[in-house]
Amino acid sequence: MPLPSNRIGQISESDLEGWEVYIEALRLKREGKDVIMTSIGEHDFDPPDETIEACKNALDNGHHNYTDIPGKPDLREAMARVSSMALGVETKPSEVVAMPGGQSCLYAAMQATLDPDDHIIVLGPHYVTYPGTIRAAGASFTVVDTYSEDDFQPRANLIEAAIQDNTKAILINTPNNPTCAIYTRETLEAIADVCVRHDLWVISDEVYWSLTNGKHISPMAIDGMRDRTLALLSMSKSHGLTGWRVGWIASTEAMSYNFAQHNLVSNYGMCDFISKAAEDALNGDFGLEMIADTYRSRGQIFLDALGDTNDIRVLNEAGSMYFMIDVRAKASDSKQFAFELLKNELVAVMPGESFGPSAAGHIRISLGESEERLKQAATRLRRFASSYTE
Ligand code: PLP
C-alpha cells in the first residue's frame with residue numbers, strides 16, 4: 001500500500017495535553033449527566049434571525065453558483081468596511097480575501113509567508129491548531145511564553161531572543177484565546193519595533209476583536225506595521241456564525257493576490273448563498289452588538305456569583321468569551337483540579353495545560369452557557385476551590 005505523506009502525519013501531531021477533561025465531560029453528558037459545559041468556544045445560541053432570513057432569501061434568489069475566487073465583490077466591500085472598523089486602519093475591498101473561516105485564514109497565512117525550513121515565533125499559551133498549520137507549511141516554530149504575572153502580555157525582549165536566521169514571522173492573537181489578554185498599545189509597539197528591525201511578518205489572529213468593550217487594538221494600526229501585518233478576521237465569534245465558515249484576511253493588495261491564488265487551488269471560492277447572507281450580516285452588523293453585550297453581561301454575572309475569594313484569581317476580565325482563572329493557590333496540577341471539578345460539581349473547564357505549559361496552574365472557562373448556568377458554575381467553582389486539597 002502507498003503511504004500517506006510525512007507532512008499529513010505531522011499536522012495532527014499534538015504537543016498539547018489536557019483535552020481528556022473535555023472528552024470525559026462529553027461522555028458524562030452522553031450518559032445523561034447535567035454537565036455545565038464551559039469548556040469550548042462555541043455559542044449556545046443560534047445565529048441572529050436577520051442572518052438566517054438573509055440566507056433563506058439568498059437560497060430563494062438564485063445564489064447557487066461558483067463565486068469569485070477572492071470573494072464576491074459586494075462581500076469584499078462589506079469585509080473591507082468591517083476591517084476598517086475592527087483594525088482601525090482604512091481597508092479597501094481589494095485588500096481583503098474571503099475564506100471559509102478563521103482557520104482557513106491561518107492555514108493560508110502560513111502558506112503565504114513560510115517556506116519549508118523557515119521559522120516562526122508563536123506566543124504561548126496558544127490556540128490549539130496553530131502548530132499544525134505551521135507544520136503543514138513544512139516550517140518550524142518556537143513558542144515564546146507569556147506569563148500570568150504579566151497578565152499574559154508578551155515580552156518583546158523574549159520574542160527578540162527567539163529570533164533565528166530563518167525566522168520569517170510572528171503569530172500573535174489579540175484578544176487572546178485562552179488568556180483573554182488584550183494586547184496593550186505598549187505591548188504592540190514593542191512587538192512592532194522587533195518586527196520592523198528584523199523585517200518580519202505579523203500574522204495577527206483577531207477573531208475576538210468585537211468582544212473587548214472597545215479595547216481592541218490591531219498591530220496593523222501601529223506605525224510601520226500596515227504592510228507587514230496579515231490580519232485574520234472571522235464571523236464565527238463576532239456575528240455568531242461558527243458553523244457557517246466565513247472569515248477573511250486583510251492585508252495589502254499584493255498579498256491579497258497571493259491569497260486569491262491560494263483560494264483558487266484550495267477552496268475555489270466561498271459558498272454563494274453563505275456569501276450573500278454574510279454580506280448582509282456584515283452590512284447590517286447583525287448580531288454584532290447583541291453578541292458582545294451577551295458575553296459582557298454573562299461575564300459580569302459569573303464574576304458577581306464568584307465574589308471575592310483568595311482561592312482563585314480571574315485574569316483579564318474584558319477579552320473574548322472566556323475567563324482565564326489562576327488556581328495555583330489551591331492546585332499545582334490544574335488538570336487534576338479540572339478533573340475533580342468535573343467529577344464533583346459537573347462543571348467542565350479546560351485545564352491551562354491544554355494550551356501550553358505557561359498556562360499550567362490555570363483553568364479556562366468559556367461563557368458559552370446561559371446566565372443562570374454560569375451563575376451555578378461560579379457558585380460550584382467557588383465551593384469546590386475553597387475545599388480543594390491535592
Ligand atoms: N483563532 C482562535 C484564537 C480561535 O479561538 C478560533 C476558534 O475558536 C479560531 C481562530 C478559528 O475560528 P474560525 O475558524 O471559526 O473562524
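Residues of region 173-191 include none that is in contact with a helix residue (DSSP H, G or I) (Cβ under 6 Å, 6 or more places away or on another chain), of a type in the set (Phe, Trp, Tyr) and closer than 23 Å to residue 84 by Cα.
Just one of the listed residues (133, 142, 167, 146) is of a type in the set (Val, Ile, Thr) and closer than 26 Å to residue 317 by Cα, and it is 146. Scanning region 112-128 for residues that are open to solvent by 40 Å² or more (accessible area, probe 1.4 Å) and either within 16 Å of the ligand (Cβ to nearest atom) or not assigned by TED's automatic domain parsing to the domain that holds residue 73 (or both) gives 127, 128. Listed by first and then second residue, the pairs linking a residue in region 230-248 that is on the phi > 0 side of the Ramachandran plot to a residue that is among the basic types (Lys, Arg) and within 8 Å of the ligand (Cβ to nearest atom), with Cβ atoms under 6 Å apart and 6 or more places separating them unless they lie on different chains, form an empty list.
Is at least one residue of region 122-130 out of contact with any helix residue (DSSP H, G or I) (no Cβ under 7 Å at 6 or more places or on another chain), assigned to a helix (DSSP H, G or I), modelled with pLDDT of 95 or more and farther than 22 Å from residue 241 by Cα? No - not one qualifying residue is present in region 122-130. Listed conditions (1) in contact with a Gly (Cβ under 7 Å, 6 or more places away or on another chain); (2) of a type outside the set (D, E, K, R); (3) surrounded by fewer than 22 Cβ atoms within 10 Å (Cβ to Cβ) are all met by residue 104, apart from (3). Among the conditions (1) of a type outside the set (S, T, N, Q); (2) within 16 Å of the ligand (Cβ to nearest atom); (3) closer than 27 Å to residue 278 by Cα; (4) over 18 Å from the mean Cα position of the chain (by Cα), the only one that residue 54 does not satisfy is (2).
Restricting to region 129-158, name every residue that is hydrophobic (A, V, I, L, M, F, W, C) and either within 16 Å of the ligand (Cβ to nearest atom) or in contact with a His (Cβ under 9 Å, 6 or more places away or on another chain) (or both). Once the filter is applied, which keeps residues that are hydrophobic (A, V, I, L, M, F, W, C) and either within 16 Å of the ligand (Cβ to nearest atom) or in contact with a His (Cβ under 9 Å, 6 or more places away or on another chain) (or both), region 129-158 yields 134, 136, 139, 141, 143, 152.
Just wondering, is there one or more residues in region 226-236 that are within 15 Å of the ligand (Cβ to nearest atom), surrounded by 23 or more Cβ atoms within 10 Å (Cβ to Cβ) and assigned to a loop (DSSP other than H, G, I, E, B)? No, the conditions are met nowhere in region 226-236. Considering every residue within region 159-172, establish whether at least one is open to solvent by 10 Å² or more (accessible area, probe 1.4 Å), more than 16 Å from the ligand (Cβ to nearest atom) and either part of a helix (DSSP H, G or I) or touching a residue at least 60 places away in the same chain (Cβ under 8 Å) (or both). Taking every residue of region 159-172 in turn, at least one turns out to be open to solvent by 10 Å² or more (accessible area, probe 1.4 Å), more than 16 Å from the ligand (Cβ to nearest atom) and either part of a helix (DSSP H, G or I) or touching a residue at least 60 places away in the same chain (Cβ under 8 Å) (or both).
Part of a strand (DSSP E or B), closer than 16 Å to residue 229 by Cβ and open to solvent by 30 Å² or more (accessible area, probe 1.4 Å) - does that describe any residue in region 176-193? Steps first, answer last, please.
So in region 176-193, the residues part of a strand (DSSP E or B) come out as none.
Taking every residue of region 176-193 in turn, none turns out to be part of a strand (DSSP E or B), closer than 16 Å to residue 229 by Cβ and open to solvent by 30 Å² or more (accessible area, probe 1.4 Å).
Given the structure, is residue 203 within 24 Å of residue 95 (Cβ to Cβ) and within 16 Å of the ligand (Cβ to nearest atom)? Yes; evaluated as a whole, the condition is true for this residue.
Going by the conditions given, is residue 249 modelled with pLDDT of 95 or more, under 20 Å from residue 92 (Cβ atoms), not aromatic (Phe, Trp, Tyr) and not in a helix (DSSP H, G or I)? Judged against the criteria, residue 249 is a match.
Residues being open to solvent by less than 20 Å² (accessible area, probe 1.4 Å) and not aromatic (Phe, Trp, Tyr): count how many of those fall in region 299-339. Before you say what the answer is, go through the steps one by one.
Kept after step one, since they are open to solvent by less than 20 Å² (accessible area, probe 1.4 Å), are these residues of region 299-339: 299, 302, 306, 312, 315, 319-327, 331, 334, 337-338.
Within this subset, residues satisfying the condition of being not aromatic (Phe, Trp, Tyr) are 299, 306, 312, 315, 319-321, 324-327, 331, 334, 338.
Looking only at that region, the number is 14.
The values are calculated or read from the model by the stated rules, or taken from the named source; none is laboratory data. Predicted model only: the values in this text are computed from it and were never measured. As a convention, Cβ positions derive from the backbone with ideal geometry for all residues, glycine included, and neighbour counts pool all protein chains shown. Heads up: the accessible areas ignore ligands, DNA and RNA and are worked out on the full protein's heavy atoms, side chains in. Shrake-Rupley method; radii C 1.70, N 1.55, O 1.52, S 1.80 Å.
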